[in-house]
Amino acid sequence: MKQKISRRNFIKWGSLASGSVALAGSAVAGYEAGKDTSSNTGWEREKYGDGQFFNRKPFETDEAVHDIQGATRRINYEENIFNRNRELFKLIYNKEEEQRWAFSDGIEKLPEPIKSYYQAHPEALSEYELSLERAKQQRVNWKDVKEKYILADAWSAAHASALYGKHGARFPDEPTSPPEEWDFRGIKHQQLPFKTPKHASELIKKIAYSFGATLVGITKLNPDWVYQGKLRGVGKTKFEVPKHWKYAIVFAVPHEWDSMYANPTYGSSYDAYSKLRWISGKLDAFIRHIGYAARPHIPPTSYEVIIPPLAVDAGLGELGRNGIVITPELGANTRIAAITTNIELEPDKPIKVGIREFCNKCKICADTCPSGAISFDDEPNQIIRGYKRWRINQDKCLTVWNTVATSHSRGCRVCLAVCPYSRKNNWIHTLARELDPRDPTGAVSTAMLAMQKSFFEYPDAHEFLPEPDGSNATYHNGPEWLRSEEWCDFNNNWE
Ligand code: SF4
Ligand code: SF4
C-alpha cells in the first residue's frame, strides 16, 4: 500500500531533496570548474602581483602563530633529509676506494655529524638503505614504463637543467666566501635612500612580481629558522647568524597545475624550483645593485634557512598537516624561496585563515600519502626544536621519492595534489576560501570537506606508485601534452 505523504513530510523531504540537488549541483559545478584549465592561478596568468588577491588584512594576527613548548633552538644541518642524503650518497658512491662507506660498516664508521644523528635515529638509516634499494629497482623497472612517461621525463630533465649546470655551475652562483663578503659582492653604489621601510617593501615586492613571483611576503628573520652546522661559502661549521640577515623576502610560485594533480611520475618539483631559482638570482642582483646585501635561499639545494616557518611569519599562509605552507591563493601548490637582506623593510603580519582547524578534521593527505609519512594526530602534538607541529617522517617520504624515480628522481607531491586547498581559482573555491575563515562555527569547513570526500575519488595510497608496488594511479589525468601515447608511435625497438 502506498504511504500517504503528509504536507509536513512533503516539505521536509522536498527541502532535503532540493538541498541535496543543490549540493550535488554545486559539487558538480565545482568539480567541472576545477577541471577548467582557464582558471589556473599563478605563473604568468595574472598581472604582476594580482595572483596575491586574497585580502589578508582581516586575518592578520598578533597572536603567536607557532606553538612554543619550552626552549627553542636552531636546526642542525644533518637534521634535514636532503643533507643526510647528500652526505651518505657521497660516501657510498665515492670513487676513491679508501673513503667509501657501506651499510655493512655500521653507524660507528660514519663521519660526524651524521654518525651522531644516526646513533640517535638508527631507524632512519634503515629507511635510507631501503630507499636506495627502491631506487635501484626503479632504474630496472623504468624500461617497462619508459614509453608511457618519456615526455614527462624529458620535461622534468629540462627543468632540472636550470638547477644543476655543468661542472656544478648554477644560477645564481653558489657562495664561495663568508656571508659578510659574499652577500655584499660587487656592490658599487651607495644604498638607495628609501623614503620609508614601507616604500622599500612595496618596491621590492613589485620587482619580485615582475621577475615572476606569484606571492611575496616580508618578515624579520627569526634566528631559530637559520640552519646550524653548514654555511655555503664557509663549510661545515657552527656559526652565528650574520648580522646583516635582518629581513627575509619570501616569494612563492605554483607548480604547473595539471602535472602536479596527476600521479608523481608525471610531475616534477624541478618545475617550480627552477622558476624560483631564476626569480632569486635576479632579485639578488637587483638588491646588490641598489647597494644592499642579498643572499638567496633556494630549496632543494641552496639555503641556510628553513623556508616554511619563514613563509608563515611573512603572512603567505599557514603550515598544513602535510608540512607544506598552504596559501589562500595556491593552496598546497606553493613552492617557496627567500632572500635575506639588510634593507630596512616593513614586515608583513602572519595570517590565521582557519587552515590549521581544517587540517585537524581533514586528514586527506595522511590517508593518501603512499609512504605513511604524514601524521593522523587530531591536532599537532609533536614538539620539534621547541615548536609544536605535525611531524613528517622525512625518511619514509624519501623512500617513496626513490620508488617513483624513473630515469632520475623527481619526488612525489601527492600530498600537494589531493589537498582540498590546492584547487584552481574558480568561483566555488573563491566562495569557500572567503567564507570558511569568517565562520566561527566550523560548519562551512565541515560541509566543504563532506563534499570533497563524497564527490572526489582518491586512489588508494599505494596505487600512486609505479608497478610493481602500485599501478601509477592518477588523481587527475596527466596533462595530454605529457601523455606519450597521444603523440608517439612506438615500436618494440625504441629505447
Ligand atoms: S611527498 Fe608523497 S610520500 Fe612525501 S609526505 Fe607527501 S604524499 Fe607522502
Ligand atoms: S589534505 Fe587536508 S589535512 Fe592535509 S594539508 Fe590539506 S587540508 Fe590539511
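Using only alpha carbon pairs under 8 Å that are at least six residues apart, calculate the relative contact order of the stretch 78-149 and give it in whole percent.
This gives 21 percent for the stretch 78-149.
If you roll a 1.4 angstrom probe over the protein chains with everything in place, what fraction of the accessible area of the chain belongs to carbon and sulfur, to the nearest %? Walk me through the intermediate numbers first.
On the way: 12850 of 23970 Å².
Accessible surface attributable to carbon and sulfur in the chain totals 54 percent.
Based on the alpha-carbon gyration tensor of the stretch 78-149, what equivalent-ellipsoid semi-axes (square roots of 5 times the eigenvalues) come out, in whole Å, largest first?
Working from the Cα gyration tensor, I get semi-axes of 26, 14, 11 Å.
Say R0 is 35 Å: what FRET efficiency, to the nearest 0.05, do E485 and K95 get from their beta-carbon distance?
For R0 = 35 Å, the calculated efficiency reads 0.30.
Roughly how compact is the chain, stated as its Cα Rg over 2.2 N^0.38 Å to two decimals?
In units of the globular-protein estimate, the chain measures up at 1.04.
Could you list which residues have their amide H under 5 Å from that of N76, counting only those 5 or more apart in sequence or on another chain, with H placed in the peptide plane?
Residues meeting the amide H criterion: Q228.
Counting only residues 5 or more places away or on other chains, whose amide H sits under 5 Å from the amide H of Y247 once H atoms are built in the peptide plane?
Counting only residues 5 or more places away or on other chains, the set is L221, T341.
If you add up the charges near F251, with Lys and Arg at +1 and Asp and Glu at -1, over every other residue whose beta carbon is less than 13 angstrom from its beta carbon, what do you get?
Taking every other residue near F251 into account, the sum is +3.
May I ask you to give the solvent-accessible area per residue for the stretch 413-495, in square angstrom, as obtained with a 1.4 angstrom probe?
Details: 4560 Å² over 83 residues.
Using a 1.4 Å probe on heavy atoms only, each residue of the stretch 413-495 averages 55 Å².
Can you give me the accessible area per residue for the stretch 78-149, using a 1.4 Å probe, in Å²?
Numbers: 4300 Å² over 72 residues.
Heavy-atom SASA per residue in the stretch 78-149 reads 60 Å².
At 222 nm, what value in deg cm²/dmol follows for the chain if DSSP H runs of at least 4 each add -39500 (n - 2.57) and the sum is divided by all its residues, to the nearest 500?
That comes out to -12000 deg cm²/dmol.
Mind listing the phi-derived Karplus ³J(HN,Hα) values for the stretch 98-107, rounded to whole Hz, using 6.51, -1.76 and 1.60 with θ = phi - 60°, and x for any glycine or proline?
5, 8, 6, 9, 10, 4, 5, 6, x, 4
Kindly write out, for the stretch 477-482 in residue order, the coupling ³J(HN,Hα) from the Karplus curve 6.51 cos²θ - 1.76 cosθ + 1.60 (θ = phi - 60°), rounded to whole Hz, with x marking Gly and Pro.
Once θ is set to phi - 60°, the couplings for the stretch 477-482 become 4, x, x, 4, 6, 10 Hz.
In percent, what relative contact order does the stretch 179-487 have, based on Cα pairs under 8 Å that are 6 or more apart in sequence?
On the way: 585 pairs, mean separation 65.3, N = 309.
This gives 21 percent for the stretch 179-487.
Nearest 5 percent is fine: what portion of the DSSP beta bridges confined to the chain is antiparallel? List each step's numbers first, then the result.
Details: 30 of 31 bridges.
Of the beta bridges lying entirely in the chain, close to 95 percent run antiparallel.
Can you list, bin by bin at 5 Å, the percent of alpha carbon pairs in the stretch 149-221, starting at 0?
Bin by bin from 0 Å, the calculated values are 3, 10, 11, 13, 22, 17, 10, 7, 4, 2, 0.
Which of the DSSP-defined H helices in the chain satisfy a minimum axial length of 24 Å, computed from C-alpha atoms, and a minimum mean Kyte-Doolittle hydropathy of 0.0?
7-35
Under the rule that a partner needs its Cβ under 4.7 Å from the first Cβ, which Cys of the chain have none?
So, C359, C362, C369, C397, C412, C419, C488.
With every atom except the alpha carbons ignored, what do you get for Rg and Dmax of the stretch 293-379, in angstroms?
Answer for the stretch 293-379, Rg first and Dmax second: 14.7, 44 Å.
Excluding residues on the same chain fewer than 8 positions from K246, give the aspartates and glutamates whose Cα lies under 19 Å from its Cα.
List returned: E180, E181, D183, E202, D224, D284, E304, D313, E344, E346, D348.
Pull out a ≥ b ≥ c, the square roots of the eigenvalues of the alpha-carbon gyration tensor of the stretch 389-478, then state rounded if a/c is under 1.5, prolate if not and a/b is larger than b/c, and oblate in the remaining case.
prolate
Which pairs break 23 Å Cα to Cα here: K136/K396; K238/K275; K57/K205; K282/K352; K115/K396?
Listed pairs above 23 Å: K238/K275; K282/K352.
The values are calculated or read from the model by the stated rules, or taken from the named source; none is laboratory data. As the structure is a prediction and not an experimental result, all values here were calculated from the model. Counting neighbours? That spans all protein chains shown, and the Cβs are built from the backbone with ideal geometry, glycine included. Protein only, heavy atoms only, side chains kept; ligands, DNA and RNA dropped before computing areas. Shrake-Rupley method; radii C 1.70, N 1.55, O 1.52, S 1.80 Å.
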